[in-house]
Amino acid sequence: MPVGLRAEAKAKQPARMVLLHRGLGTYHPYLVPEKTGKNYDAPRYLKTLEAHRGRFTLFSGVSHLGYPNSHTTSAATFTGVGPEGVARGDDIRNTVSLDQVAGEQVGNETRVRSLILGSMGGAASLSWNRKGVPVPKDGNRASIYKRLFIDGTPAEIGRETKRLAHGHSILDDMRGQLKSLRSRLGGADRDRMELMQTSIREAEVLLKQEEAWIAKPKPKVEEPATKFSDKASNWVDSQNR
């Protein structure tokens, strides 16, 4: 392919980000090089990536110092909120997570703005919006596969279109009701209202994105849908109960 065409094809590729969380941690000396710069000596875990050394960047100085010794601190893995934000597992005061910031910038370039995966129902969420509210995760492989790779029939697309239109109508009604209530509420209730208004705005963005993609064909993959059937996902569902 000519250089110009390759550059054009590359420019059309949507930007994506993948964030992974290792719940039980990683042995620091095996992951973090002792030297900085490109000529570092690869520790044990990074040796498997030696062939790709020039294609990724290592960041240092992002340790969450001062955090309590608790599993609930995983909620701050991608937010970096101060230790006081995760001091109590039953009252986490978080900030926006990195994946949601990226989704705000480039999320409209792909069918799914952000996809939060997980199978541990009791664990704190890793994804948080700008109001510090956890974003729901999906641990069901069958539903994820269908969402990404199974095209709807004309009838299903028609029903989905009606559902999205109904969603807009509901949000419009909620916005009107909140506006009429605002002048009669105290400070604490107004804060809760602002949280609801933020949720409404986020829902509107998602509805508009779904409308833009609803009739576009999904990518074809070699993996059969039966591999990700509900039966195959039972072990995931059991973790979410």
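The values are calculated or read from the model by the stated rules, or taken from the named source; none is laboratory data. Model, not experiment: these values are computed from the prediction. Quick reminder, even Gly has a Cβ in these numbers, built from the backbone with ideal geometry, and neighbours come from all protein chains shown. All accessible areas refer to the heavy atoms of the entire protein, side chains included, with ligands and DNA or RNA removed. Shrake-Rupley method; radii C 1.70, N 1.55, O 1.52, S 1.80 Å.
For the reader, a short list of remarks on this structure follows.
- Computed from backbone phi with θ = phi - 60° and the Karplus coefficients 6.51, -1.76 and 1.60, the 3J(HN,Hα) list for the range 56-65 is 9, 10, 9, 10, 10, x, 10, 5, 8, 6 Hz; x is used for glycine and proline.
- Accessible area ranking (1.4 Å probe, heavy atoms, ligands and nucleic acids excluded), largest first, for 99, 189, 173: 173, 189, 99.
- Computed from backbone phi with θ = phi - 60° and the Karplus coefficients 6.51, -1.76 and 1.60, the 3J(HN,Hα) list for the range 89-103 is x, 8, 8, 6, 10, 9, 10, 5, 8, 4, 5, 6, 5, 5, x Hz; x is used for glycine and proline.
- Rounded to the nearest Hz, the phi-derived 3J(HN,Hα) couplings of the range 66-75 under the Karplus curve 6.51 cos²θ - 1.76 cosθ + 1.60 (θ = phi - 60°) are x, 6, x, 7, 8, 5, 5, 5, 4, 4, where x marks glycine and proline.
- The alpha carbon radius of gyration of the range 27-112, expressed as a multiple of 2.2 N^0.38 Å, is 1.39.
- Length gained on full extension, residue 214 to residue 174, computed as 0.36 nm times the residue gap minus the Cα-Cα distance: 11.9 nm.
- The range 44-135: trypsin sites (Lys or Arg not before Pro) in DSSP loop, at most 14 other beta carbons within 10 Å: 44, 88, 93, 130
- Under 5 Å between amide hydrogens, built in the peptide plane, is the criterion, and for residue 128 it picks out 97, 100, 135 among residues at least 5 positions away or on other chains.
- Summing charges over neighbours of residue 151, with a neighbour being any other residue whose Cβ is under 15 Å away from its Cβ, gives +4 when K and R count +1 and D and E count -1.
- Sorting the segments 76-84, 56-64, 207-215 by their mean number of nearby beta carbons within 10 angstrom, highest to lowest, gives 76-84, 207-215, 56-64.
- R0 of 45 Å, Cβ-Cβ distance residue 153-residue 20: FRET efficiency to nearest 0.05: 0.80
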